[in-house]
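The values are calculated or read from the model by the stated rules, or taken from the named source; none is laboratory data. All values reported here derive from a predicted model rather than from experimental measurement. Glycine also receives a Cβ, built like all others from the backbone with ideal geometry; neighbour counts cover every protein chain displayed.
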Amino acid sequence: MTLSLPSIPAGALLILSVYTAYYFLSTYWRLRDFPGPFWAKFTDFERMFWVKTMRGHEIHWNAHEKYGEVVRVGPNTISLADPAAIPTLYPMRPGFPKSKFYRGIMPYTKGGAMPAVFTTQDENQHRTLKTPVASLYLLSNVIQFEPFVDEEISVLFEQLDKRFVTTQNTFDLADWIQYFAYEVMGTMTFSRRYGFLEQGKDVNGLLRAVWDFMLAVGPMTQFPTLDRILYKSFVADILRNYVAVPILRIVAQHVEDRQKQSYHDYEKDARIPHGDFLSHFLQIQDTNPTIPDWSCKVWTFSNVIAGSDSTTAVMRALIYNLLAHPESLNKLMEEFSDADKKSQLTRPYPKWNEVKDLPYLDACVNEAVRLHPPFILPLERVAPKGGVMIGGRHYPEGTCIGMNAYVVNRHRPTFGDDADSWRPERFLTEDLALKKRRENGMMTFGHGRRVCLGKYIAYLEIKKITPALLLNYEIELLDPKSYFVESSYFFRQQGINVKIRRRDF
Ligand code: HEM
């Protein structure tokens, strides 16, 4: 009997099989002590598909309900649910860089992937991009934009009166909240309106383009290797996988229009007394040769992409929940009425100073921020050299560890057993230590070194529009069940179908 040698293809297959088995086993082995869904231990496909279902936020939460506060959601990725881990994972000092998740959100064109303050993984680049503009986002600067928020409110109300008060037509308030948020950001950033409010529609398909961008990048953030191949390489050039191009085009147009002005006109061209964001960005870029020459474009892009739909999501959550919970709405209206009696509120829209510290409004805003964070995937960081201890467990160097705002904000030991329900009163507890723990335990704006830069802009808009809307209109929510939420890596709500009447204020 003669033994035949294996053929070359069979040999290659054998080697490939052994290598694949070794690869999966070693991948699994490294974090084998962490519980999680079976396939997630071997491949990032699993969590990518969670996002594809548009119910990723719920799947992540259910995974934590099933496996506990620490869940392995990918071969090299762990999600944590206990807010106690926040100071360790998101410190003010450098050393916990962002993971490749963020490369997934970078727009890619033929020139390559475009980093920004939000997305860069390089901590030096982050400092270079953030330091020159950080002061523009301080509350003291942001409140100078208040007249422009008022202006957008008045355009919004003019349209609501014309289209819906007079006609008594039903409409989806969620759309108009989004139009408003975009117009505010557009005005603050480049002193121009997109026209959403005046035309009552998605002009030039920008809103669709942003949502398409979210749909494309959401799943890719979960599978960085696939993202690298399909969206950040020559394959992307061949397949023309250029996400975010329409948004970049609009941003580039605004920047170029402005650059045509001479330096001294930057401020004049802005309608805002001390200049809009773009006038400051251009000035900073012009006077600082060490800043990369593409900075102005990415700062402007960040404002549009990071600042509009995020604020929209919280405003929608707040308005919807107030309308769906009349007991909360009544309490809030009483608070406005008391404030009006004490020191008359400005008409037709109360001023920031008059509403910024109203306790019940604060509690309602906090509750909306808690229940519906716009970003609903873990904000991933990479464990530093030597690994890290969190909550008594060691995470090896290079592990991606993240906290998902949708999950953390529902942490029952911190927020109560009814953490999945609307109850603003949880932020009015007399136990001040618990109140602080709750306020600091939310992940909605992130924490530490990479905390949201635009937080005060969001609060200014939210605390301005809410009293303005509620004091000037009686809003009837037709069917609370038509409210619909879905997510990519971003959250989106629709179906706040209402009828409105004018109120005397
Ligand atoms: C309710 C509204 C908003 C929410 C919930 C929100 C949420 C967040 C979160 C979670 C992060 C941190 C991400 C991370 O750690 O990976 C972030 C960062 C950031 N946000 Fe916001 N954001 C909001 C509004 C805005 C606005 C209005 C702007 C700008 C005009 C803005 C600009 C930024 C920027 C530039 C960063 C990057 C900061 C850095 O890495 O240093 N955001 N935001």
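Which residues, taken from segment 370-394, are among the charged types (D, E, K, R) and more than 27 Å from F491 (Cα to Cα)? Matches in segment 370-394: K385, R393. Selection over segment 352-392 of residues that are closer than 22 Å to Y102 by Cα and of a type in the set (D, E) gives a count of 1.
Among the numbered criteria (1) at pLDDT 95 or above; (2) out of contact with any helix residue (DSSP H, G or I) (no Cβ under 6 Å at 6 or more places or on another chain); (3) within 16 Å of the ligand (Cβ to nearest atom); (4) over 30 Å from P91 (Cβ atoms), which one does K499 miss? Just one mismatch for K499, condition (3).
Applying the set (1) part of a helix (DSSP H, G or I); (2) within 16 Å of the ligand (Cβ to nearest atom) to R492 leaves exactly one unmet item: (1). Of the numbered criteria (1) more than 18 Å from T300 (Cα to Cα); (2) touching a residue at least 24 places away in the same chain (Cβ under 8 Å), the one M188 fails is (1).
The residue pairs whose first member lies in segment 444-473 and is over 15 Å from N353 (Cα atoms) and in contact (Cβ under 8 Å) with a residue 24 or more places away in the chain, whose second member is more than 7 Å from the ligand (Cβ to nearest atom) and polar (S, T, N, Q), and whose beta carbons are closer than 7 Å, counting only pairs six or more residues apart or on different chains, are T444/N409.
Tell me yes or no: at least one residue of segment 359-371 is at pLDDT 95 or above and in a loop (DSSP other than H, G, I, E, B). No, segment 359-371 has no match at all. Inspect all residues belonging to segment 359-374 and state whether any of them is away from the ligand (no atom under 12 Å from the Cβ), more than 22 Å from V210 (Cα to Cα), of a type in the set (A, V, I, L, M) and in contact with a Ser or Thr (Cβ under 6 Å, 6 or more places away or on another chain). No, segment 359-374 contains no residue that is away from the ligand (no atom under 12 Å from the Cβ), more than 22 Å from V210 (Cα to Cα), of a type in the set (A, V, I, L, M) and in contact with a Ser or Thr (Cβ under 6 Å, 6 or more places away or on another chain). Any chance segment 414-436 includes a residue that's within 16 Å of the ligand (Cβ to nearest atom) and surrounded by 19 or more Cβ atoms within 10 Å (Cβ to Cβ)? No, the conditions are met nowhere in segment 414-436.
State whether the residues of segment 390-400 include one that is touching a helix residue (DSSP H, G or I) at 6+ places or on another chain (Cβ under 6 Å) and within 16 Å of the ligand (Cβ to nearest atom). There is no residue in segment 390-400 that is touching a helix residue (DSSP H, G or I) at 6+ places or on another chain (Cβ under 6 Å) and within 16 Å of the ligand (Cβ to nearest atom).
Scanning segment 56-83 for residues that are small (G, A, S) and buried (at least 17 other Cβ atoms within 10 Å of the Cβ) turns up G56, A63, G74, S79, A81. The set of residues in segment 330-339 that are over 21 Å from R316 (Cα atoms) and surrounded by fewer than 16 Cβ atoms within 10 Å (Cβ to Cβ) comprises E334, S337, D338.
Restricting attention to segment 424-447, does a residue exist that is in a helix (DSSP H, G or I), within 21 Å of the chain's Cα centre (by Cα) and at positive phi? Among the residues of segment 424-447, not one is in a helix (DSSP H, G or I), within 21 Å of the chain's Cα centre (by Cα) and at positive phi, which makes the answer no. When segment 464-489 is limited to residues that are crowded, with 19+ Cβ neighbours inside 10 Å and closer than 16 Å to A313 by Cβ, the one that is farthest from the ligand (Cβ to nearest atom) turns out to be Y483. For first residues located in segment 75-91 and under 16 Å from L377 (Cα atoms), partners that are charged (D, E, K, R) and assigned to a strand (DSSP E or B) and lie 6+ apart or on another chain with Cβ distances below 6 Å form the pairs I78/R72; L89/R381. Restricting attention to segment 396-413, the residues that are within 15 Å of Y90 (Cβ to Cβ), touching a strand residue (DSSP E or B) at 6+ places or on another chain (Cβ under 7 Å) and either of a type outside the set (V, I, T) or surrounded by fewer than 21 Cβ atoms within 10 Å (Cβ to Cβ) (or both) total 5.
Close Cβ contacts (under 7 Å, 6 or more residues apart or on different chains) running from residues in segment 202-229 that are more than 16 Å from E380 (Cα to Cα) to residues that are part of a helix (DSSP H, G or I) and acidic (D, E) comprise V210/D309.
Looking only at residues of segment 168-200 that are buried (at least 24 other Cβ atoms within 10 Å of the Cβ) and aromatic (F, W, Y), we find that the one that is nearest to D309 (Cα to Cα) is Y182. Being in a helix (DSSP H, G or I) and either more than 25 Å from F223 (Cα to Cα) or away from the ligand (no atom under 15 Å from the Cβ) (or both), is that true of even one residue in segment 342-350? Within segment 342-350, one or more residues are in a helix (DSSP H, G or I) and either more than 25 Å from F223 (Cα to Cα) or away from the ligand (no atom under 15 Å from the Cβ) (or both).
Quick grid of which residues meet (1) within 24 Å of V203 (Cβ to Cβ); (2) at pLDDT 85 or above:
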{"site": "R240", "(1), (2)": "no, no"}
{"site": "I247", "(1), (2)": "yes, no"}
{"site": "V255", "(1), (2)": "yes, yes"}
{"site": "Q259", "(1), (2)": "yes, no"}
{"site": "H264", "(1), (2)": "no, no"}
{"site": "D276", "(1), (2)": "yes, yes"}
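Counted as qualifying within segment 174-261 are the helices (runs of 4 or more DSSP H) with 3 or more residues that are out of contact with any strand residue (DSSP E or B) (no Cβ under 6 Å at 6 or more places or on another chain) and of a type in the set (G, A, S), namely 206-221.
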